[in-house]
Amino acid sequence: MIRPMQATDAPDVLALLTWMDDAPEREVFAPDARDEHELRGECEDRVCLVAEGLDGAVEAYCGLAPFRDGLVLEGPLGSGELHGLLARAVERADGLPVYAFAARDNLAAREALEACSFTPMHTTDFYTARVPDLARQARVPEGYAATDHLTPAAYRALYRAAEDGWSERLDWTDADLQAHFARDDVRLVVLTRGGQPVGFAELELNPEASRADLTYLAVHPAERGQRLGRVLLALAAAEAAASPELRHLRARAHDHARPARALYAHAGLTHCRSVVTYLRDDTEGEA
């Protein structure tokens, strides 16, 4: 039976989250919470559905949460009736675009998504290295300087110049950017030449996972070919090394980002996981 999630389902949903965490090939985008109180709070204002087995236990879960211009699917998670869960969840999307993220090797979830008209958009590969190993390579080349600050205008200009595909933050106000970089878990490493910014690396720190995530790395096109990407990567690791609990640095690259993939390989990072991004957009083709 498929029904809305209830507060009493929290232990069963947590068991499903633990089951997912135990095997990389089961990974999907899912709630962050890993205790009952946090899970109930996280799911309180969302569409959350469960599939109940014959014995009354929860066998599968999925939910919908606000994301970008529409919604993001949490799940489908479990070994129960994934197809029925997805169909019921999509009914609650009110025609909005719905994104989903599943591990490349999660064949059960991917089959269910594609059967429910979700289209694969791209695959994102993740790479990792030990922070001390990368940090030992940190050197600022002659003629360049390093800083931890960019004005909002300079950040937008370099963000825009570095990669045509980046657009998310171009709509952020100065206040949005300043608030983002004031966060305790965000770090910015900037390379300048002649006082002008030529590249930056942005980190988000995740002490609970002993990890720093490289969320953006940008080098101005006029400065490429001088191995500044490797310089920024090492400087970012050195920044992470200031927090001893951060033992690994993780970076990501979409399947079309060949320069980023080459950079990570040459810098000694190793591939650790792949995630497929899906979209179901019922608004396509509308006048």
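The values are calculated or read from the model by the stated rules, or taken from the named source; none is laboratory data. Note that this is a predicted model, so its numbers are computed, not measured. Because the Cβ atoms are built from the backbone with ideal geometry, glycine has one as well, and the counts that use them run over all protein chains shown. When the accessible area is computed, the model is the full protein with side chains, heavy atoms only, and any ligands, DNA or RNA have been set aside. Shrake-Rupley method; radii C 1.70, N 1.55, O 1.52, S 1.80 Å.
Just a yes or no: is a residue in region 240-248 farther than 25 Å from residue 144 by Cβ and either of a type in the set (Phe, Trp, Tyr) or in contact with a His (Cβ under 7 Å, 6 or more places away or on another chain) (or both)?
No, region 240-248 contains no residue that is farther than 25 Å from residue 144 by Cβ and either of a type in the set (Phe, Trp, Tyr) or in contact with a His (Cβ under 7 Å, 6 or more places away or on another chain) (or both).
Residue by residue through region 134-169, note down the ones that are outside any loop (DSSP other than H, G, I, E, B) and of a type in the set (Phe, Trp, Tyr).
Across region 134-169, the qualifying residues are 155, 159.
Give me a count of the residues in region 20-59 that are open to solvent by 20 Å² or more (accessible area, probe 1.4 Å), of a type outside the set (Asp, Glu) and touching a helix residue (DSSP H, G or I) at 6+ places or on another chain (Cβ under 7 Å).
So the answer is 5.
Out of (1) modelled with pLDDT of 95 or more; (2) surrounded by 23 or more Cβ atoms within 10 Å (Cβ to Cβ), what's the single condition that is false for residue 103?
Single failed check for residue 103: (2).
Going by the structure shown, is residue 111 of a type outside the set (Lys, Arg), exposed (fewer than 15 other Cβ atoms within 10 Å of the Cβ) and at pLDDT 95 or above?
yes
When you go through (1) in contact with a helix residue (DSSP H, G or I) (Cβ under 8 Å, 6 or more places away or on another chain); (2) modelled with pLDDT of 95 or more one by one for residue 72, which number turns out not to apply?
Among (1) in contact with a helix residue (DSSP H, G or I) (Cβ under 8 Å, 6 or more places away or on another chain); (2) modelled with pLDDT of 95 or more, residue 72 violates only (1).
If the requirement is being more than 26 Å from residue 33 (Cα to Cα) and within 18 Å of the chain's Cα centre (by Cα), which of these qualifies: 228, 235, 217?
Only one candidate passes the filter, namely 217.
Looking only at strands (runs of 3 or more DSSP E) that fall completely inside region 1-116, which ones have 2 or more residues that are without any contact (Cβ under 8 Å) to a residue 60 or more places away in the chain and either polar (S, T, N, Q) or under 29 Å from residue 252 (Cα atoms) (or both)?
58-67, 70-78
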